[in-house]
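Below: one structure, written as structure tokens.
The values are calculated or read from the model by the stated rules, or taken from the named source; none is laboratory data. Keep in mind that what you see is a predicted model, and the values were worked out from it rather than measured. As a convention, Cβ positions derive from the backbone with ideal geometry for all residues, glycine included, and neighbour counts pool all protein chains shown.
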Ligand SMILES: Cc1cc2nc3c(=O)[nH]c(=O)nc-3n(C[C@H](O)[C@H](O)[C@H](O)COP(=O)(O)OP(=O)(O)OC[C@H]3O[C@@H](n4cnc5c(N)ncnc54)[C@H](O)[C@@H]3O)c2cc1C
Ligand code: FES
Ligand code: FES
């Protein structure tokens, strides 16, 4: 299978990429690692007139720590780079990264491509939602803006990015004082994508009392038509010790307000039930990792 | 419109004009005649097309040749020494790590990438590394045994001379049988 013919431009800087995007806009597609886009183009499910190759833009690669303790991850950072980085300490990344795709795909697939693609069952969006990540984006016509991960995903394969907008970097907040995180998913065995995946972060801010937790973030992928934060579960757990009884009492609400997807791999009822199980396991995993 | 692409494949530089939609695996097989790299699924799943691109294993059916411009590419042909077999090839032979052989070039290139990073992998690490390589014949047991044997051979410095290949093959078969 070969993609349909297209024009090809290689951008060597962010400015060049933004200029090409301004000129060609919706007729062009960015290509980073190509691990989502090329399979679609080979099946002719995507037929862009032009590819703008951003894979060589060095400024978009790598991980650096900002002065305020946050991590800035360049959008072209691959899964393999993330696994190799000593800066990526969050437990949920350690859970998720080795299970995403395979060695070869992790060597090319980028964090920016994964979230811009916005597959409703992909793992990275859930991790970034649970971490309250911020996404720095830029376009020639509207300049730079920072979008909260919680505002970014709109539907299946749909985000708030404009057609001429480039994802520059992902900012991860420094962890709160006493925290733990975990990711648990039920994998569809053939594709490796999540039937239900849940990322959990629990922590204490200065305001927390005793051994209760007031910073609870739970994100779900594979279940709705886009990844979401399970607000009802979060609310039920704030102020509790996040122990077995409080987890058991809270996780039942993990699909609240969400239209649960059904397909040949998992009908709605099963998927919803598995989301509950994954939420419970992710919270237990986060609790076990408390620093 | 064709783009000028320069690739250094198995140490030899090639400058050519390539239509942007052509895949790296097509250029390797059709333009350069390196048919050791196989196309299995063509949908990024099976890993038969695995090559080492700038030092990392990738699926060459899911890379455009234009994306690889200026890169170095290692294929199964480049792994094979002028004389005899590479220790990984030898161990696949000895441990019966193949039946039809279709998946073998991809398996071996993934194994070469693994052993370059981790010279002494556990069976678990070998299996994890092979997650993107499918074999429809062997059931994987002997592939894992072959990679373990090759790792030992390479670490202990045993080369790929025909005599050593024979004894290595014997030891590997015995290990696989036990
Ligand atoms: C065999 C296989 C198994 C997989 N398994 C999993 C899995 O288990 N879990 C999982 O979550 N994912 C999985 N994936 C998907 C994989 O995570 C993504 O393909 C990959 O991360 C996408 O990154 P990329 O750089 O290759 O994106 P590309 O394919 O290059 O791009 C994807 C999309 O994002 C856009 N884009 C890319 N970069 C930017 C940017 N900087 N700014 C704006 N838009 C951009 C492109 O225009 C395109 O629309 C799998 C893929 C394969 C092929
Ligand atoms: S042919 Fe490339 S992954 Fe199967
Ligand atoms: S030996 Fe036949 S596919 Fe692996």
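Out of curiosity, is residue B:62 crowded, with 18+ Cβ neighbours inside 10 Å, within 16 Å of ligand 3 (Cβ to nearest atom) and facing chain A (nearest Cβ under 10 Å)?
Judged against the criteria, residue B:62 is not a match.
Determine if the stretch A:180-190 includes at least one residue that is more than 30 Å from residue B:131 (Cβ to Cβ), modelled with pLDDT of 95 or more, touching a strand residue (DSSP E or B) at 6+ places or on another chain (Cβ under 8 Å) and part of a strand (DSSP E or B). Steps first, answer last, please.
Initial filter on the stretch A:180-190 (more than 30 Å from residue B:131 (Cβ to Cβ)): none.
No, the stretch A:180-190 has no match at all.
Select from the stretch B:30-51 the residues that are touching a strand residue (DSSP E or B) at 6+ places or on another chain (Cβ under 8 Å) and more than 10 Å from chain A (Cβ to nearest Cβ) and list them in ascending order. Can you show your working first?
Taking the stretch B:30-51 as the starting set, the residues that turn out to be touching a strand residue (DSSP E or B) at 6+ places or on another chain (Cβ under 8 Å) are B:31-32, B:34, B:37, B:44, B:47, B:49-51.
Across the stretch B:30-51, the qualifying residues are B:31, B:32, B:34, B:37.
Those residues that are at positive phi and in contact with a helix residue (DSSP H, G or I) (Cβ under 7 Å, 6 or more places away or on another chain), I need them from the stretch B:30-80; list them, please.
The answer is B:42, B:44, B:47.
Please verify whether residue B:20 is in contact (Cβ under 8 Å) with a residue 24 or more places away in the chain, surrounded by fewer than 24 Cβ atoms within 10 Å (Cβ to Cβ) and within 11 Å of another protein chain (Cβ to nearest Cβ), treating the condition exactly as stated.
So residue B:20 fits the description; yes.
Consider residue A:49 carefully, then state whether it is within 14 Å of chain B (Cβ to nearest Cβ) and either touching a strand residue (DSSP E or B) at 6+ places or on another chain (Cβ under 8 Å) or over 21 Å from residue A:163 (Cα atoms) (or both).
So residue A:49 fits the description; yes.
May I ask you to say which residue of B:150, B:129, B:146 is within 16 Å of the chain's Cα centre (by Cα) and within 13 Å of chain A (Cβ to nearest Cβ)?
B:129
Only residues that are within 16 Å of ligand 3 (Cβ to nearest atom) and part of a strand (DSSP E or B): list them for the stretch B:47-58, please.
Keep residues of the stretch B:47-58 that are within 16 Å of ligand 3 (Cβ to nearest atom), which gives B:47-50.
Once the filter is applied, which keeps residues that are within 16 Å of ligand 3 (Cβ to nearest atom) and part of a strand (DSSP E or B), the stretch B:47-58 yields only B:50.
List the helices (runs of 4 or more DSSP H) inside the stretch A:39-147, counting only whole elements, that have at least 3 residues being surrounded by fewer than 20 Cβ atoms within 10 Å (Cβ to Cβ).
A:79-84
Return the only residue of B:78, B:84 being under 30 Å from residue B:15 (Cβ atoms), more than 13 Å from chain A (Cβ to nearest Cβ) and surrounded by fewer than 21 Cβ atoms within 10 Å (Cβ to Cβ). Talk me through it step by step, then tell me what you get.
On the way: B:84 fails: under 30 Å from residue B:15 (Cβ atoms).
Selected residue: B:78, the only one of B:78, B:84 that is under 30 Å from residue B:15 (Cβ atoms), more than 13 Å from chain A (Cβ to nearest Cβ) and surrounded by fewer than 21 Cβ atoms within 10 Å (Cβ to Cβ).
Using the structure shown, decide if residue B:67 is within 16 Å of ligand 1 (Cβ to nearest atom) and in contact (Cβ under 8 Å) with a residue 12 or more places away in the chain.
yes
Could we say that residue B:50 is outside the structural domain of residue B:13 (by TED's automatic domain parsing), under 10 Å from the mean Cα position of the chain (by Cα) and within 16 Å of ligand 2 (Cβ to nearest atom) here?
Judged against the criteria, residue B:50 is not a match.
Among the residues of the stretch A:153-174, are any without any contact (Cβ under 8 Å) to a residue 40 or more places away in the chain and either out of contact with any strand residue (DSSP E or B) (no Cβ under 7 Å at 6 or more places or on another chain) or assigned by TED's automatic domain parsing to the domain that holds residue A:279 (or both)?
no
Residue B:114: within 14 Å of chain A (Cβ to nearest Cβ) and either over 22 Å from residue A:100 (Cα atoms) or assigned to a helix (DSSP H, G or I) (or both), yes or no?
yes
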